[in-house]
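Enquirer: First the structure, which I've put down as structure tokens, then a few questions once you've had a look.
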Amino acid sequence: MESENFVVSFISFQSRQMKQQLWLYSVKIGAIFFMVLDKIVAPIFWVLSWKRSKKIPPVEHKIFEISAKNLAKMIRKKEINSEEVVRRYINRINKVNPILNAVVQDRFVEAIHEACTVDEWLRQTSLSIDEIERGYPLLGVPITIKESCKVKGMSFCVGTNVRKGMIADEDGEVVKRIKSSGAIPLLVSNTPEICFGIESDNFVTGRCNNPYNTNYTCGGSSGGEGALLGSACSVIGIGSDLAGSIRVPSLFNGIFGHKPTANLVPNRDHYPIIHDEDFYEYLVLGPMCRYSEDLRLVLNVMTNHPINLNEKVDMKKVTVYHTEDTGNLFFVNNVNQDVRDAIKKCADHLKHHCKAKLNNSKIIDLEKCFDMGLSLFFGVKNKPDLLLDQVNPPKRYNIVSEFIKLQFKRSTLNYNSLAYDFLTNTHSFLTVKDNDYYRDMLDHLKTNLMNTLGQYGVILFPTMPGPTFQHGYSPLKCAGVVYSMIFNILGFPATHVPLGLNKQGLPIGVQVIASPHRDAVCLSVAEELEVRFGGWVAPF
């Protein structure tokens, strides 16, 4: 009997191994197709790159060079009025947005009224400045919010025609906390259709441009936030991150963005949301900003758990793991030389100037991460039916006919929804057993990384293989999100740090990863790197 069980188990194991190999071969065949296609279209995109970019106008006041933390302090001390700050940001948005197309819907009238209310309250309150800071740390500061995060009375269609006209009936939990802190929302910003994509382009709001070169993408899915912040139209923003959706736009637009530890920030009022335990782990809401010190400020307002986010970590305690070359992944573009150089100069600075310990050991096997990420990301349960017309629920769109119509620009849905529906319903051609196999692999990797990093270890890692790219190039570049997605699957905190511009004038940067609930370590390293390398660089 035992021998029979052994034979059955062995055959089952062999079958699973063969199927995984077949799946990997199919992935690589697909990769070959896209690599060949990339070689074919690359000259076309090279020619298009010479198209003149629209210029972002420079700022006209020093108010745009002040962090949210310092703006809040100045407002509390009545050194500046909230109304003036809000009006200046509104005027800036009105001037720049026709170039970017980052705004889905604004609430400028309400925001000015709220700012006046703040100024009047400050004139009358008997609270001390310290008491105001403790109770309302963002009092009077304008903020912008990704459309996928509920803002009462604002558009909540998230770039898809099947939800067109939908309005948020209440504030989401994070937005409630932001408002309770005294911040004043100005608008909701552009995303890809249903947040599935690394280019913020949809059939409802249209394409959002990159402020450093309007022929290039601002990224996704928090692309509208990235573009607004990069162009000094916002000082802090709220984004969401399922597979790099905060960090990729932060890279493309030259700003800071933090993906918190899993479950640190509530996400239940986000769209899309999937009622699955794993999905709740992967999806996080987090802050995006131009100045690193604002990450702590906003994250303290957003957080769900009492962890010490204000810890200023001594860099001498930090161990830095890094590798400029993550290997030649068959299905992903090689890491750009600019990114490799950026990682190296960060590691050198932390070692030589901050006395951090350096370790060159390779602790991430990215090829396995790709397999795990694809399996677990598309293996969540209770997925929403994205082809269902939510205004007219009995109506469901047919994926085949919609794909055909898409070729003639007649589809109600764009590529993002159709691709997501296909991949989730096929589970990327993997089974539940495959999911269990990769989950065991993930648990092993997570345990090893936590043991390696400990309390003060960080990984310097590419956010993407390179900087932003031209509009329409995303299908051939999207595999690069594996560099960010794996840390959603693992639940580790990660901060994108801007490190200036390359020779083409496009932002470059690196992500800093730490152990779960050690967000303060990421933030401390980000602050140190901003001091050394300058952080956000204006596109004008």
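Enquirer: So Phe196 passes all but one of these: (1) free of Cβ contacts under 8 Å to residues at least 24 places away in the same chain; (2) among the aromatic types (Phe, Trp, Tyr); (3) crowded, with 18+ Cβ neighbours inside 10 Å. Which condition number does it fail?
Expert: (1)
Enquirer: When only residues in region 426-456 that are of a type in the set (Val, Ile, Thr) and assigned to a helix (DSSP H, G or I) count, which is modelled with the lowest pLDDT?
Expert: Initial filter on region 426-456 (of a type in the set (Val, Ile, Thr)): 426, 431-432, 447, 452.
Then drop every residue that is not assigned to a helix (DSSP H, G or I), which leaves 426, 432, 447, 452.
Details: Thr426: 66, Val432: 56, Thr447: 96, Thr452: 96.
Filtering region 426-456 for residues that are of a type in the set (Val, Ile, Thr) and assigned to a helix (DSSP H, G or I), the one modelled with the lowest pLDDT comes out as Val432.
Enquirer: Quick check, is Ala227 in contact with a Ser or Thr (Cβ under 9 Å, 6 or more places away or on another chain), touching a residue at least 60 places away in the same chain (Cβ under 8 Å) and part of a helix (DSSP H, G or I)? Working first, answer last.
Expert: On the way: in contact with a Ser or Thr (Cβ under 9 Å, 6 or more places away or on another chain): yes; touching a residue at least 60 places away in the same chain (Cβ under 8 Å): yes; part of a helix (DSSP H, G or I): yes.
Criteria met by Ala227.
Enquirer: Turning to a different aspect of this structure: Which one of these is touching a residue at least 60 places away in the same chain (Cβ under 8 Å) and in contact with a Cys (Cβ under 9 Å, 6 or more places away or on another chain): Tyr216, Tyr271, Tyr282? Quick ask: steps written out before the conclusion?
Expert: Values: Tyr216 fails: in contact with a Cys (Cβ under 9 Å, 6 or more places away or on another chain); Tyr282 fails: in contact with a Cys (Cβ under 9 Å, 6 or more places away or on another chain).
After ruling out the rest, the residue left standing is Tyr271.
Enquirer: Is there a residue being over 22 Å from Phe279 (Cα atoms), without any contact (Cβ under 8 Å) to a residue 24 or more places away in the chain, not aromatic (Phe, Trp, Tyr) and not assigned by TED's automatic domain parsing to the domain that holds Lys317 anywhere in region 378-392?
Expert: Start the filter on region 378-392 by keeping residues that are over 22 Å from Phe279 (Cα atoms), which leaves 389, 391-392.
Of the ones still in play, those that are also without any contact (Cβ under 8 Å) to a residue 24 or more places away in the chain are 392.
After this cut, where a residue has to be not aromatic (Phe, Trp, Tyr) as well, the list is 392.
From what is left, the residues that are not assigned by TED's automatic domain parsing to the domain that holds Lys317 are 392.
Looking for residues that are over 22 Å from Phe279 (Cα atoms), without any contact (Cβ under 8 Å) to a residue 24 or more places away in the chain, not aromatic (Phe, Trp, Tyr) and not assigned by TED's automatic domain parsing to the domain that holds Lys317, one finds at least one in region 378-392, hence yes.
Enquirer: Tell me yes or no: at least one residue of region 406-420 is at pLDDT 90 or above and part of a helix (DSSP H, G or I).
Expert: no
Enquirer: Residue under question is Asn209, and the condition is that it be on the phi > 0 side of the Ramachandran plot and either at pLDDT below 95 or touching a His at 6+ places or on another chain (Cβ under 9 Å) (or both); does it hold?
Expert: Details: on the phi > 0 side of the Ramachandran plot: no; either at pLDDT below 95 or touching a His at 6+ places or on another chain (Cβ under 9 Å) (or both): yes.
Against the criterion (on the phi > 0 side of the Ramachandran plot and either at pLDDT below 95 or touching a His at 6+ places or on another chain (Cβ under 9 Å) (or both)), Asn209 does not qualify.
Enquirer: Within region 352-362, work out how many residues are surrounded by 15 or more Cβ atoms within 10 Å (Cβ to Cβ) and farther than 13 Å from Gly457 by Cα.
Expert: The number of residues fulfilling the criteria is 1.
Enquirer: Also, quick follow-up: List every residue pair whose Cβ atoms sit under 8 Å apart, with the two residues 6 or more apart in sequence or on different chains, where the first one lies in region 253-267 and is assigned by TED's automatic domain parsing to the domain that holds Glu225 and the second, anywhere, is among the basic types (Lys, Arg) and at pLDDT below 95.
Expert: Cβ pairs passing all conditions: none.
Enquirer: For region 261-280, which residues satisfy the criterion of being surrounded by 18 or more Cβ atoms within 10 Å (Cβ to Cβ), more than 15 Å from the chain's Cα centre (by Cα) and not in a loop (DSSP other than H, G, I, E, B)?
Expert: Hit for region 261-280 is Phe279, nothing else.
Enquirer: Checking the conditions here, which among Gly244, Gly237 is surrounded by 24 or more Cβ atoms within 10 Å (Cβ to Cβ), touching a helix residue (DSSP H, G or I) at 6+ places or on another chain (Cβ under 8 Å) and either under 17 Å from Ile513 (Cα atoms) or of a type in the set (Val, Ile, Thr) (or both)? It would help to see each step written out before you state the result.
Expert: Values: Gly237 fails: either under 17 Å from Ile513 (Cα atoms) or of a type in the set (Val, Ile, Thr) (or both).
Gly244 is the lone residue from the list that is surrounded by 24 or more Cβ atoms within 10 Å (Cβ to Cβ), touching a helix residue (DSSP H, G or I) at 6+ places or on another chain (Cβ under 8 Å) and either under 17 Å from Ile513 (Cα atoms) or of a type in the set (Val, Ile, Thr) (or both).
Enquirer: Counting just the residues of region 489-507 that are buried (at least 24 other Cβ atoms within 10 Å of the Cβ) and more than 19 Å from Asn448 (Cβ to Cβ), which one comes out farthest from the chain's Cα centre (by Cα)?
Expert: In this case the residue turns out to be Leu499.
Enquirer: Right, next: Tally the residues that are farther than 13 Å from Asn97 by Cβ, within 12 Å of the chain's Cα centre (by Cα) and not in a loop (DSSP other than H, G, I, E, B), restricting the search to region 194-224.
Expert: Total satisfying the criteria: 2.
Enquirer: Restricting to region 124-172, name every residue that is under 24 Å from the mean Cα position of the chain (by Cα) and among the polar types (S, T, N, Q).
Expert: Within region 124-172, Thr144, Ser148, Ser155, Thr160, Asn161 qualify.
Enquirer: Could you tell me which of the residues Ile508, Ile459, Ile486 is on the phi < 0 side of the Ramachandran plot and assigned to a helix (DSSP H, G or I)?
Expert: Numbers: Ile508 fails: assigned to a helix (DSSP H, G or I); Ile459 fails: assigned to a helix (DSSP H, G or I).
Sole residue among the options that is on the phi < 0 side of the Ramachandran plot and assigned to a helix (DSSP H, G or I): Ile486.
Enquirer: Right, here's the next one. Out of curiosity, is Leu299 buried (at least 20 other Cβ atoms within 10 Å of the Cβ), in contact (Cβ under 8 Å) with a residue 40 or more places away in the chain and not in a helix (DSSP H, G or I)? Even if it seems obvious, please write down each step before you answer.
Expert: Details: buried (at least 20 other Cβ atoms within 10 Å of the Cβ): yes; in contact (Cβ under 8 Å) with a residue 40 or more places away in the chain: yes; not in a helix (DSSP H, G or I): no.
Answer is no for this residue.
Enquirer: For region 96-105, give me each residue that is buried (at least 19 other Cβ atoms within 10 Å of the Cβ) and either over 16 Å from Gly223 (Cα atoms) or not aliphatic (A, V, I, L, M) (or both). So that I can check it myself, show each step before the final result.
Expert: Residues of region 96-105 that are buried (at least 19 other Cβ atoms within 10 Å of the Cβ), as a first pass: 96-97, 100-104.
Result: Asn97, Asn101.
Enquirer: Kindly indicate whether Asp341 is surrounded by fewer than 21 Cβ atoms within 10 Å (Cβ to Cβ), modelled with pLDDT of 85 or more, of a type in the set (D, E, K, R) and assigned by TED's automatic domain parsing to the domain that holds Asn448.
Expert: Details: surrounded by fewer than 21 Cβ atoms within 10 Å (Cβ to Cβ): yes; modelled with pLDDT of 85 or more: yes; of a type in the set (D, E, K, R): yes; assigned by TED's automatic domain parsing to the domain that holds Asn448: yes.
For Asp341, the condition - surrounded by fewer than 21 Cβ atoms within 10 Å (Cβ to Cβ), modelled with pLDDT of 85 or more, of a type in the set (D, E, K, R) and assigned by TED's automatic domain parsing to the domain that holds Asn448 - is met.
Enquirer: Here is a further query. Search region 160-193 for residues being of a type in the set (D, E, K, R) and either in contact with a strand residue (DSSP E or B) (Cβ under 8 Å, 6 or more places away or on another chain) or not in a loop (DSSP other than H, G, I, E, B) (or both), and hand back the single one that is surrounded by the most Cβ atoms within 10 Å (Cβ to Cβ). Give the derivation first.
Expert: As a first pass, look at region 160-193 and keep what is of a type in the set (D, E, K, R): 163-164, 169-171, 173, 176-177, 179, 193.
Filter again for either in contact with a strand residue (DSSP E or B) (Cβ under 8 Å, 6 or more places away or on another chain) or not in a loop (DSSP other than H, G, I, E, B) (or both), leaving 163, 173, 176-177, 179, 193.
Values: Arg163: 20, Glu173: 19, Lys176: 15, Arg177: 20, Lys179: 18, Glu193: 29.
Only one residue fits best here, namely Glu193.
Enquirer: Does Leu285 satisfy being buried (at least 21 other Cβ atoms within 10 Å of the Cβ), in contact with a helix residue (DSSP H, G or I) (Cβ under 6 Å, 6 or more places away or on another chain) and of a type in the set (A, V, I, L, M)? Step through it out loud before you land on a result.
Expert: Details: buried (at least 21 other Cβ atoms within 10 Å of the Cβ): yes; in contact with a helix residue (DSSP H, G or I) (Cβ under 6 Å, 6 or more places away or on another chain): yes; of a type in the set (A, V, I, L, M): yes.
Considered against the rule, which asks whether it is buried (at least 21 other Cβ atoms within 10 Å of the Cβ), in contact with a helix residue (DSSP H, G or I) (Cβ under 6 Å, 6 or more places away or on another chain) and of a type in the set (A, V, I, L, M), Leu285 comes out as yes.
Enquirer: Next up: Give region 41-72 a look and list any residue that's modelled with pLDDT under 95 and either under 28 Å from the mean Cα position of the chain (by Cα) or within 16 Å of Leu506 (Cα to Cα) (or both), or say none. Before the answer, list the steps.
Expert: Initially, region 41-72 is screened for residues modelled with pLDDT under 95, giving 41-52, 60.
Val41, Ala42, Phe45, Trp46, Leu48, Ser49, Trp50, Lys51, Arg52 - these are the residues of region 41-72 that are modelled with pLDDT under 95 and either under 28 Å from the mean Cα position of the chain (by Cα) or within 16 Å of Leu506 (Cα to Cα) (or both).
Enquirer: Another question, then. Would you pick out the residues in region 344-389 that are hydroxyl-bearing (Ser, Thr, Tyr) and at pLDDT below 80?
Expert: Step one: of region 344-389, the residues hydroxyl-bearing (Ser, Thr, Tyr) are 361, 375.
Answer for region 344-389, where residues must be hydroxyl-bearing (Ser, Thr, Tyr) and at pLDDT below 80: just Ser375.
The values are calculated or read from the model by the stated rules, or taken from the named source; none is laboratory data. Please read all numbers here as calculations on a predicted model, not as lab measurements. For neighbour counting, all protein chains shown are included, and Cβ atoms are generated from backbone atoms with ideal geometry for every residue, glycine included.
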